[in-house]
Amino acid sequence: MTEEAPVAPGRIVLLTASHRVAPGLLSWPAWQALHAADQVLCADDEHPQLPYLREAGITVEGAAPTAQELVDACAGGRTVVYVTVGEGDRALTDGLARLAGSGRVRMPDLELLPGSYDLPGARLLDLVQVMDRIRKECPWSSQQTHKGLAKYGIEEAYELVEAIEEGDRDELREELGDVLLQVVFHSRIAEEDAGEPFSIDDVAGTIVTKLIHRHPHVFGDETAETAEDVKAHWLRTKAIEKQRESVTDGVPLGQPGLALAAKLASRVRTAGLDVPLPAGPGIGYELLALAAQAEADGTDPEAALRAAARAYRDAIRAAEGQAG
């Protein structure tokens, strides 16, 4: 008597898709699996992929099967594709894992098939969406203005600098996020301006255009062999764009004094001007001379003073410890 071959256990395909990629933009293996499947299931009737799947002639049944029901649906060698929801189907995947680990069930082949992947920068879309909701629903955030947030931008910038100088990678990542939040927050507020609204896309588009224009050695026909060549390109294109009357135009006077002095000295040196430092009584003129000399020597006087101040802070703490 001929022994019958065992029936194939079938195949389960868990199809995932990034909500950060436009619906319908699925990989070729995903489309192949969908067209070849004996059954396609999805628990979410509002899943953004469904209209595109149906337009492609794929029948999708609305169902939220348990792990055992999904295994049973594969009986007879059938292939079932389950389109997962955006948050994932933890209960289903945990159930399949328990069945497989029990040893009592002949499991179908199980494949996790990414239908689309996040592109670099995709999480920025999440930030934009979260900020939009906060702006609408948070009593504090909904009332904020550009002027009201200005002080936070300054604080976050200083905290970022501190994280860089301290060399703390975790703090650096967090502070970069805080600075990025300021950009997204201000951009979201700007959308509501009645006269001249703009969005985060406009902000990004502006800086992209600027970067391309100021890097002709990367995006154009010019060449740059050294960092000085790059700086020369940057300053030349910047001068053409801004059409400034003075090398001091665009230097923010509200920045810390040492940084301001060094920036002015840098502008003078780069422009090839011969401008003697003003002389006068008091420590201010002495600090101006020190800042200009530091800039000429390639030292950031503001950073140097902060480093010295941190050393002073450590000495104070040490003295306090000895006193205690």
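Values computed for the structure shown
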{"read-out": "Zone residues, the range 114-146, relative to VAL21, backbone N less than 17 Å from point 7 Å out along Cα-to-Cβ", "value": "114-126"}
{"read-out": "Cα centroid separation - the range 287-302 against the range 188-203, whole Å", "value": "39 Å"}
{"read-out": "Potential lengthening between ARG236 and ASP44 on full extension [0.36 nm per residue; Cα-Cα distance subtracted]", "value": "63.5 nm"}
{"read-out": "LEU288, LEU277, ranked by accessible area, largest first (probe 1.4 Å)", "value": "LEU277, LEU288"}
{"read-out": "Convex hull volume per residue for the range 130-195, taking Cα atoms only, in Å³", "value": "84 Å³"}
{"read-out": "Global geometry of the chain, whether rounded, prolate or oblate, following the gyration tensor of its Cα atoms and the 1.5 cut on a/c", "value": "prolate"}
{"read-out": "Computed helical MRE - 222 nm, the chain, DSSP H runs ≥ 4 contributing -39500 (n - 2.57), nearest 500", "value": "-17500 deg cm²/dmol"}
{"read-out": "Among ALA64, ILE189, THR237 the positive-end extreme of the charge dipole of the chain (Cβ point charges)", "value": "THR237"}
{"read-out": "Degrees between helix 257-271 axis and first principal axis of the chain (Cα, 0 to 90, nearest 10)", "value": "80 degrees"}
{"read-out": "Semi-axes of the equivalent ellipsoid for the range 75-200, Cα gyration tensor, largest first, Å", "value": "45, 21, 13"}
{"read-out": "Whole-number accessible area per residue in Å² for the chain, which is evaluated in the context of all protein chains at 1.4 Å", "value": "66 Å²"}
{"read-out": "Rg/Rg_ref, the range 179-295, where Rg_ref = 2.2 N^0.38 Å and atoms are Cα", "value": "1.38"}
{"read-out": "Tensor-based shape of the range 255-321 (alpha-carbon gyration tensor, a/c under 1.5 rounded, otherwise prolate or oblate)", "value": "prolate"}
{"read-out": "Within the range 100-158, chymotrypsin sites (Phe, Trp or Tyr not before Pro) in DSSP loop having at most 10 other beta-carbon neighbours inside 10 Å", "value": "TRP140"}
{"read-out": "Rel. contact order, % - alpha carbon contacts under 8 angstrom, at least six apart, the chain", "value": "14 percent"}
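The values are calculated or read from the model by the stated rules, or taken from the named source; none is laboratory data. It should be emphasised that the depicted structure is a prediction, and the values quoted were computed from it without experimental measurement. Ideal geometry is used to build each Cβ from the backbone, glycine not excepted, and the neighbour counts take in all protein chains shown. Note: accessible area is taken over every heavy atom of the protein model, side chains too, but ligands, DNA and RNA are not part of it. Shrake-Rupley method; radii C 1.70, N 1.55, O 1.52, S 1.80 Å.
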